Amino acid sequence: MPSRDAALRGHESSNNNVGVRTFARSDLHRTGVLERFVVGLAREMERAGYTPADAPGRGTNVVLHAVDPAAPRPFRRKEAPTFVIAIAPFAEPPADVLRTGYPLLVRCLANLTVMVSDGPDGLSARFVTLEQGTYGVGPGLPDEAFFAEVFRRIEPLASSRLVIANEFVPDLPVELWDGDDTTRQMLRAGRALDALDLLPAPFPLEEILPPRDLRHVKLLYGIGGLSYGNVSARYQGTAFAQPAFWMSASGVDKSDLRVVGEDILLVRDYDATRDVMVLSVPPSVAPRRVSVDAIEHWMIYREHPDVGAIVHVHGWIDGTVSTEVNYPCGTVQLASSVADLVRAAPDPARAVIGLRNHGLTITGTSLDEIFDRVGEKILPRVPMS
């Protein structure tokens, strides 16, 4: 039976060598600029070793989902690992990329939105990610360079591996059903985030999606809503082996973390063979999913015993060292990138790590220590590139 360390190494290795990857077109809308973009991107993907399929199906890795921005329709994938790129034509790049592209992303049930336009200086593409990252490619590039750069920005996201499944074990000791000193510190931390204006939720899912699509997107992305940021703190008791930790649930109001099993969950393990976070919950509670960043926090706690707490915010501190790629939340690749930078920090137990086009991961000896040290330095904006 392989050790957990060996299983994790094997898992990470398998993600670096993805083997044969497939893509397919889903053409719900056709225009000249859409066809030019999809054909050019498809050519670049084939050049990089992706195999085209006649139609999307179970096992398709990437779907190029061309839609009408005035009447976007969802792509209903059969399994979460399928990466859907919603591609929509515009007469010119939108002035507000995020507020134009984000509703398209969730209405299409996509992982990424690309808004394409063609002007006097050539093709332009504006990207919006699920984590509210925005960036662009072009105009001013010849087609070959343009599509090479588009693929360079898309491929790391499309080939990343999600770890969002949860296994709920109803064995939380009764003395923890109402939390402990650590969970009460999490309540204070959530209120501190709110006081610092670091809990943005500008696109309530329930206002964008009908109920059926809302259920579908929650299942696919492992999110309970667009309530950004999360907090976690190492479990200090003896009922569970380290690196057990308490963590905020997905989609809950981070300023009011009270109910164990619903607002706060105890992460007791990561099963690398199944890509599942294992959670201990009270037997009488219908649990929520833990934050999608649980795999990232698990890696950090596992490697650094002196880390007692972690805060993730969609904010920024000037001068922060950042990851190179804006991998999606909940992926092994993002978790590994952040863990690498924590390891390289002068003091991993007090590190501030930037997530490109996304926000910050901050480690500390406790949640109170994190806010005392850097709370007032965090700006409620993230630079995009």
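The values are calculated or read from the model by the stated rules, or taken from the named source; none is laboratory data. Values in this document were obtained by computation on a predicted structure and should not be read as measured data. With ideal geometry, Cβ positions are generated from the backbone for all residues, glycine too; neighbour counts draw on all protein chains shown.
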*Just checking, which of D293, D306 is at pLDDT 95 or above and touching a helix residue (DSSP H, G or I) at 6+ places or on another chain (Cβ under 9 Å)?*
D306
*Can you tell me which residue within the stretch 324-350, out of those that are of a type in the set (D, E) and either under 18 Å from the mean Cα position of the chain (by Cα) or in a helix (DSSP H, G or I) (or both), is surrounded by the fewest Cβ atoms within 10 Å (Cβ to Cβ)?*
E324
_Unmet requirement for D197, which otherwise passes all of (1) touching a strand residue (DSSP E or B) at 6+ places or on another chain (Cβ under 9 Å); (2) in a loop (DSSP other than H, G, I, E, B)_ = (1)
*S255: small (G, A, S), at pLDDT below 90 and surrounded by fewer than 21 Cβ atoms within 10 Å (Cβ to Cβ), yes or no?*
yes
*Say we look at the stretch 358-381 and pick out the residues that are assigned to a loop (DSSP other than H, G, I, E, B) and crowded, with 21+ Cβ neighbours inside 10 Å; which of these is nearest to the chain's Cα centre (by Cα)?*
H358
*S26 is checked against (1) out of contact with any Lys or Arg (no Cβ under 9 Å at 6 or more places or on another chain); (2) in a loop (DSSP other than H, G, I, E, B); (3) of a type in the set (G, A, S) and fails just one. What number does that condition carry?*
(2)
_Residues that are within 22 Å of L98 (Cβ to Cβ), at pLDDT 90 or above and touching a Gly at 6+ places or on another chain (Cβ under 8 Å), drawn from the stretch 318-355_ = T320, S322, T323
*Could you grab the pairs with beta carbons closer than 7 Å, sequence gap of 6+ or different chains, first residue in the stretch 133-148 and of a type in the set (A, V, I, L, M), second one in a strand (DSSP E or B)?*
V137/A125; L141/G122
*For L187, indicate whether it is modelled with pLDDT of 90 or more and in the same structural domain as P328 (by TED's automatic domain parsing).*
yes
*Selection count, the stretch 37-51, where residues are surrounded by fewer than 16 Cβ atoms within 10 Å (Cβ to Cβ) and over 16 Å from S159 (Cβ atoms)*: 2
*Among the residues of the stretch 133-153 satisfying the criterion of being part of a loop (DSSP other than H, G, I, E, B) and surrounded by 15 or more Cβ atoms within 10 Å (Cβ to Cβ), which is nearest to the chain's Cα centre (by Cα)?*
G133
*Output the number of the condition that D372 fails; it satisfies all remaining conditions of (1) under 25 Å from R191 (Cα atoms); (2) without any contact (Cβ under 8 Å) to a residue 24 or more places away in the chain; (3) in contact with a strand residue (DSSP E or B) (Cβ under 7 Å, 6 or more places away or on another chain).*
(3)
*Just one of (1) on the phi < 0 side of the Ramachandran plot; (2) in a loop (DSSP other than H, G, I, E, B); (3) not charged (D, E, K, R) trips up W246, so point out which.*
(2)
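Check the stretch 57-73 and report whether any residue there is in the same structural domain as F146 (by TED's automatic domain parsing), assigned to a helix (DSSP H, G or I) and under 18 Å from the mean Cα position of the chain (by Cα). Write out each step before concluding.
Quick first cut of the stretch 57-73, residues in the same structural domain as F146 (by TED's automatic domain parsing) only: 57-73.
Okay, now just the ones that are also assigned to a helix (DSSP H, G or I), so none.
No, every residue in the stretch 57-73 fails to be in the same structural domain as F146 (by TED's automatic domain parsing), assigned to a helix (DSSP H, G or I) and under 18 Å from the mean Cα position of the chain (by Cα).
Among the residues of the stretch 90-118, write down those that are assigned to a strand (DSSP E or B), of a type outside the set (D, E) and surrounded by fewer than 22 Cβ atoms within 10 Å (Cβ to Cβ).
As a first pass, look at the stretch 90-118 and keep what is assigned to a strand (DSSP E or B): 112-118.
Subset that is of a type outside the set (D, E): 112-117.
The answer is S117, and nothing else.
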*Test each condition in (1) among the hydrophobic types (A, V, I, L, M, F, W, C); (2) more than 19 Å from P156 (Cα to Cα); (3) under 18 Å from the mean Cα position of the chain (by Cα) for A86 and report the one that comes out false.*
(2)
